[in-house]
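What follows is a set of notes on a single structure, which appears directly below.
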Amino acid sequence: MRKHKNTLRLTSLIAPLAVAAGMTVPLAAGAADYMMEHFWSAKPAGTGWVTNYGECWQSRHGPNNLEPCVVPAVPKEFTVRLNFEFDKYRIENVVNDNELRRLDEYIAQVNETQTREQISLTGHTDAKGSEAYNYELGLRRAQTVQDYMISNGIPPEDIVSVESRGKLDMLPEYDIYSVQQRRVKINAEYGG
């Protein structure tokens, strides 16, 4: 994951601009060195050099024994609430697109990190319907999210729990028949 950047390459990009601006090429080379040394920083010290864009670089003039960059681990606990249409359980039935985008961002972050996550999925329903029916509906919702995550690169063995709470565990701040109750909750903790 380490990228190497040399001053010559950066200088070749800056030199034409410097000439157009009336500066000399040595000044452009100095600007390249300045950019190399002042816009990259080691976070934490002693590891790879990370830009503000999260790219991993190694300083040309700095330490040459830096460890490769470590992609930041995902949050210790991450919860997303995907709300479903009434009596539905497919991804296309999720009504809060912003949470689906959060899930996509989370999946990308999990796929980039070297840390293994233990992901638990719990399906929920609103209060309509029997307890048995809602248990099955909640489970189908959780399985749909499981399939979605796996299809987007999450290793199946990292999803350690897929369960349903049906119409149990209502969110007290919402009506028991609200779309907010029809959700899949995703929790992730560090694995081994």
**OP:** Quick one: count up the residues across segment 130-152 that are among the aliphatic types (A, V, I, L, M) and in contact (Cβ under 8 Å) with a residue 40 or more places away in the chain.
**Re:** 4
Subject >> Residues of segment 144-179 satisfying the condition of being buried (at least 18 other Cβ atoms within 10 Å of the Cβ) and either in a helix (DSSP H, G or I) or among the aromatic types (Phe, Trp, Tyr) (or both) >> reply: Thr144, Val145, Gln146, Tyr148, Met149
Subject >> segment 100-117 residues that are under 13 Å from Glu189 (Cα atoms), paired with ones that are in a helix (DSSP H, G or I) (beta carbon under 8 Å, 6 or more apart) >> reply: Val110/Asp158; Arg116/Asp158; Glu117/Val110; Glu117/Asp158
**OP:** May I ask you to list the residues in segment 71-109 that are of a type in the set (A, V, I, L, M), more than 18 Å from Thr144 (Cβ to Cβ) and at pLDDT 80 or above?
**Re:** Ala108
Subject >> In segment 91-108, the residues that are among the aliphatic types (A, V, I, L, M) and assigned to a helix (DSSP H, G or I) >> reply: Ile91, Leu100, Leu103, Ile107, Ala108
Subject >> Members of segment 100-119 that are polar (S, T, N, Q) and surrounded by fewer than 16 Cβ atoms within 10 Å (Cβ to Cβ) >> reply: Asn111, Thr113, Gln114, Thr115, Gln118
Original post:
Do the conditions hold for Ala132, that is, is it in a helix (DSSP H, G or I), surrounded by fewer than 16 Cβ atoms within 10 Å (Cβ to Cβ) and out of contact with any strand residue (DSSP E or B) (no Cβ under 7 Å at 6 or more places or on another chain)?
Top reply: yes
Original post:
When Ala127 is evaluated against the numbered criteria (1) within 20 Å of Arg182 (Cβ to Cβ); (2) not in a loop (DSSP other than H, G, I, E, B), which criterion, by number, is the only one it fails?
Top reply: (2)
Original post:
Within segment 130-143, is there a residue that is basic (Lys, Arg) and more than 15 Å from Phe86 (Cβ to Cβ)?
Top reply: no
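The values are calculated or read from the model by the stated rules, or taken from the named source; none is laboratory data. From a predicted model like this one, the values you see are computed outputs, not experimental measurements. All Cβ positions, glycine included, derive from the backbone under ideal geometry; neighbour counts span all protein chains shown.
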